[in-house]
1. Within segment 98-140, which residues are β-branched (V, I, T), within 13 Å of A70 (Cα to Cα) and either out of contact with any Asp or Glu (no Cβ under 9 Å at 6 or more places or on another chain) or assigned to a loop (DSSP other than H, G, I, E, B) (or both)?
2. Need the failing condition index for R25 against (1) out of contact with any helix residue (DSSP H, G or I) (no Cβ under 6 Å at 6 or more places or on another chain); (2) surrounded by fewer than 20 Cβ atoms within 10 Å (Cβ to Cβ); (3) charged (D, E, K, R); (4) not in a helix (DSSP H, G or I), just the number.
3. Would you point out which residue out of V130, V62 is of a type outside the set (F, W, Y) and either within 16 Å of the ligand (Cβ to nearest atom) or under 16 Å from F147 (Cβ atoms) (or both)?
4. When F118 is evaluated against the numbered criteria (1) in contact with a helix residue (DSSP H, G or I) (Cβ under 8 Å, 6 or more places away or on another chain); (2) free of Cβ contacts under 8 Å to residues at least 40 places away in the same chain; (3) surrounded by 13 or more Cβ atoms within 10 Å (Cβ to Cβ), which criterion, by number, is the only one it fails?
5. Checking F174 against (1) more than 26 Å from V113 (Cα to Cα); (2) within 14 Å of the ligand (Cβ to nearest atom); (3) in contact (Cβ under 8 Å) with a residue 12 or more places away in the chain; (4) assigned to a helix (DSSP H, G or I), which single condition isn't satisfied?
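Just so it is clear, none of the values below were taken in a lab; they were calculated from the coordinates. Here the structure is a predicted model, which is why all the values come from computation and not from measurement. Cβ atoms come from the backbone with ideal geometry, glycine included; neighbour counts cover every protein chain shown.
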Amino acid sequence: MEKPSRLKNFLRHIKHWLILKTAPRKNRVYTQFYRFPHQYRALVEKVVPKLIESGRGPMNIVVFGCCSGAEPISLAAVLRKNFPELDFHISAYDIVPEVIERAQKPTYSREEVYQGPFVTEDFVRENFVVEGERFRVKPEIMATITFAVGDLLDRTFMASLGKFDLVFAQNVLFHLPATNARLAFANLNLLLQPGSALFINGMDVDMRVKLTRKFYLDPVEYLIEEIHNDARVDRGNGWASAYWGRKPFSRVSREWIREHCTIYSKAQI
Ligand SMILES: C[S@@+](CC[C@H](N)C(=O)[O-])C[C@H]1O[C@@H](n2cnc3c(N)ncnc32)[C@H](O)[C@@H]1O
């Protein structure tokens, strides 16, 4: 693809900035299986080994904005494959009751299963049983996940959940108005204890810089560019015209690590 001139590039950034400031936010119940391949590598190579080393008990995981199940199912598949002995449970929440009902009946169409650009035949064979036209998630994967309706803006509900080792809220916060996104982030912080990891793809980058600092969250500096570029497969085309658009990767900003990093570890304060 032809490289845009510096002026064109500058104008795109201005356009995106204006859209971020003015575009109305709208809930979207869109998801894909195996959406975050390099994040999974970081999870498997860095995050989980560190948690195992710290000698915690069974791993407690929560996914917010789980939609119709693709994200927690993919996560469970990755953990089972790479850590067959690991004792873990995933609590998965979404605010929309219909998508939770859908997630609880784990059969999907071919189109739903293969929608994600990173889905491989191995992933499908390992995690689904084909029943005619439908793909059923294997029971051993489903046994590790509980789906329920839950609102990450409800502070009382969030505070009642306790602490987790891994907290996911991906591609959720950028669909919320800024005030709500800040509230949601503060609520997610309630679920973290020192050493817990937060996975937070898909939020306003300036807000991410400010709030990760405010809540003592240290970037996990691993595969930042590769993780960023995975997200651009979906959100990079016409990025400047959409509030959910993902800018090209760049190290120019003083804050490039926090702007682009999507995995954070809660510090010992
Ligand atoms: C774009 S989808 C992302 C799904 C998945 N996390 C992924 O990355 O593929 C956003 C999901 O967040 C859910 N959501 C929006 N506001 C929420 C809230 N306040 N609490 C919990 N879930 C919410 C939506 O209903 C939707 O299913």
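1. V99, V113, V119, V124, V137
2. (1)
3. V62
4. It fails just one condition, (2).
5. Exception for F174: condition (1).
Yes/no matrix, rows are residues, columns are (1) in contact with a His (Cβ under 7 Å, 6 or more places away or on another chain); (2) within 18 Å of Q32 (Cβ to Cβ); (3) loosely packed, with under 14 Cβ neighbours inside 10 Å:
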site	(1), (2), (3)
N201	no, yes, no
M207	no, no, no
F215	no, no, no
E226	yes, yes, no
R232	no, yes, no
G236	no, yes, no
Y243	no, no, no
I263	no, no, no
